[in-house]
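Worksheet: the structure to be examined is printed underneath.
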Amino acid sequence: MRLIGTGSAIPEKVVTNAMLSEFLDTSDEWIVPRTGIRSRHVITDENVEDLGARACLNALDMAGLKPEDIDYFICSNVVNEYITPSLSCIIAEKIGLACPCIDINCACPGFLYAMDIAETHFLAGKVKNVLIVSAEEPTRMTDWTDRSTCVLFGDGAGAAVFTEGNNLKGIRLHSQPDSSKIWQKRTLMPTPYITKPEESVPLQMRGKEVFKFAVGASTTEVEALLKEIGMSKSDVSYYMVHQANLRIIDAIKKYLEEPDEKFPVNIQDHGNSSSASCAILLDECNRKGMFKPGDILVFSAFGAGLLSAAAVLEW
Ligand code: COA
């Protein structure tokens, strides 16, 4: 498949580290050196489905396609207000899609897992154009009195349109199932028969362990993927790494022995927007005109599951 359009949409409200320190025992001096985050966009009166719809329309516009040209629509999302219908159906209704719609919940690497599903449909000859959106509101998952999690996240949506082509050079998915490192639970409706204890728990994270998983999974998958497709690091133009923590990105950079210029970052303005992170970064870089034909983009993302993925896309 080949990428022909990108789009993104982010909430208007910008919350700086200084604003957080008004109600939390935290500071810019603590957050910046440990995470690289200076501010994040936070949903106020927006709906995540509207951000997703705007990102999709921007991507379709760039691709020069109409909603009726799309054969398959994949939405990556961890949580939103609807249990049913799926977020893909809600966004599809808003933008006038009439194709199969599916949601996936693969946490932060969701954009890459969606790319893998799309490529499989292209290889099966079932589709001509696929639209992917990652629409996320992780700020609604954390406990805003827990300084160790709520400072890390921001909301937003990123979208991409793929058409037939041979530009996805390779993709690798990896799992290390473990629900003790990042997890959140919510209770379902009560029934007269429920006897087990149930509770709603905001996002919990073992930060240091997740950090280690992220760096290990990213570097292993990127090196294995490049080897698998016969490319070397010198072929790579840019590493589009999930924007979870600048120190994670720095550790990956150091391990791969690659220069700063190959690692675009926007974490300082967005925080971690889960699966929307890679998609928003892609759109921002694309709209700045950073990529030229033939450039090799290596994507790497990791998160809850634990899941990770890497992909190589030729521009
Ligand atoms: N402001 C001020 N102090 C904070 C704080 C905050 N926002 N968050 C935590 N602290 C405190 C802790 O309470 C702890 O205090 P204590 O020693 O008195 O108990 C101290 O800072 C050190 O906490 P620690 O957890 O050891 O810090 P760390 O260096 O591991 O950094 C993270 C914490 C969360 C920034 C880091 O572990 C991380 O980024 N992990 C990866 C998380 C991630 O990216 N997850 C998503 C992946 S998809």
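Only one of 264, 259, 190 is more than 15 Å from the ligand (Cβ to nearest atom) and modelled with pLDDT under 95. Can you tell me which? If you could, list the steps in order and put the result at the bottom.
Values: 264 fails: modelled with pLDDT under 95; 259 fails: modelled with pLDDT under 95.
The conditions single out 190.
Would you point out the residue of the range 129-156, among those that are small (Gly, Ala, Ser) and under 21 Å from residue 245 (Cβ atoms), that is farthest from the ligand (Cβ to nearest atom)? Give the steps one after another, and end with the answer.
Residues of the range 129-156 that are small (Gly, Ala, Ser), as a first pass: 134-135, 148, 154, 156.
Narrowing the set further to residues that are under 21 Å from residue 245 (Cβ atoms) leaves 134, 148, 154, 156.
Numbers: 134: 13, 148: 4, 154: 12, 156: 15 Å.
That would be 156.
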Identify, from the list 160, 118, 98, the residue that is at pLDDT below 95 and farther than 25 Å from residue 201 by Cα. 98
Give just the number: which of (1) among the acidic types (Asp, Glu); (2) closer than 20 Å to residue 133 by Cα; (3) free of Cβ contacts under 8 Å to residues at least 40 places away in the same chain does residue 258 not satisfy? (2)
Looking only at the range 267-280, which residues are under 20 Å from residue 295 (Cα atoms) and within 13 Å of the ligand (Cβ to nearest atom)? 278
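With respect to residue 27, determine if the residue is at pLDDT 95 or above, among the hydroxyl-bearing types (Ser, Thr, Tyr) and farther than 28 Å from residue 71 by Cβ. Talk me through it step by step, then tell me what you get.
Working: at pLDDT 95 or above: yes; among the hydroxyl-bearing types (Ser, Thr, Tyr): yes; farther than 28 Å from residue 71 by Cβ: yes.
Considered against the rule, which asks whether it is at pLDDT 95 or above, among the hydroxyl-bearing types (Ser, Thr, Tyr) and farther than 28 Å from residue 71 by Cβ, residue 27 comes out as yes.
Rundown of residues vs (1) in contact (Cβ under 8 Å) with a residue 24 or more places away in the chain; (2) over 27 Å from residue 31 (Cβ atoms), yes/no style:
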residue: 189; (1), (2): no, yes
residue: 194; (1), (2): no, yes
residue: 198; (1), (2): no, yes
residue: 205; (1), (2): yes, no
residue: 213; (1), (2): yes, no
residue: 219; (1), (2): yes, no
residue: 228; (1), (2): yes, yes
residue: 243; (1), (2): yes, no
Looking only at helices (runs of 4 or more DSSP H) that lie completely in the range 25-126, which have at least 1 residues being among the small types (Gly, Ala, Ser) and within 16 Å of the ligand (Cβ to nearest atom)? 110-123
Subset tally (residues that are within 16 Å of the ligand (Cβ to nearest atom), more than 18 Å from the chain's Cα centre (by Cα) and of a type outside the set (S, T, N, Q)) for the range 157-184: 3
Just to be sure before I move on: is residue 299 touching a helix residue (DSSP H, G or I) at 6+ places or on another chain (Cβ under 8 Å) and within 16 Å of the ligand (Cβ to nearest atom) in the structure I sent? yes
Filter result (among the aliphatic types (A, V, I, L, M) and part of a loop (DSSP other than H, G, I, E, B)) within the range 167-195: 188, 189, 194
Reported set for the range 1-24 where residues are assigned to a loop (DSSP other than H, G, I, E, B) and more than 16 Å from the ligand (Cβ to nearest atom) is 1, 10, 11, 12
Qualifying residue in the range 46-60 (condition: farther than 16 Å from residue 282 by Cβ and free of Cβ contacts under 8 Å to residues at least 24 places away in the same chain): no
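Could you check the range 284-315 and list, in sequence order, the residues that are of a type in the set (D, E, K, R), farther than 23 Å from residue 250 by Cβ and in contact (Cβ under 8 Å) with a residue 60 or more places away in the chain?
Matches in the range 284-315: 287, 314.
The values are calculated or read from the model by the stated rules, or taken from the named source; none is laboratory data. Remember, predicted model here, so these are calculated numbers, not experimental data. Every residue, glycine among them, receives a Cβ derived from its backbone with ideal geometry; neighbour counts consider all protein chains shown.
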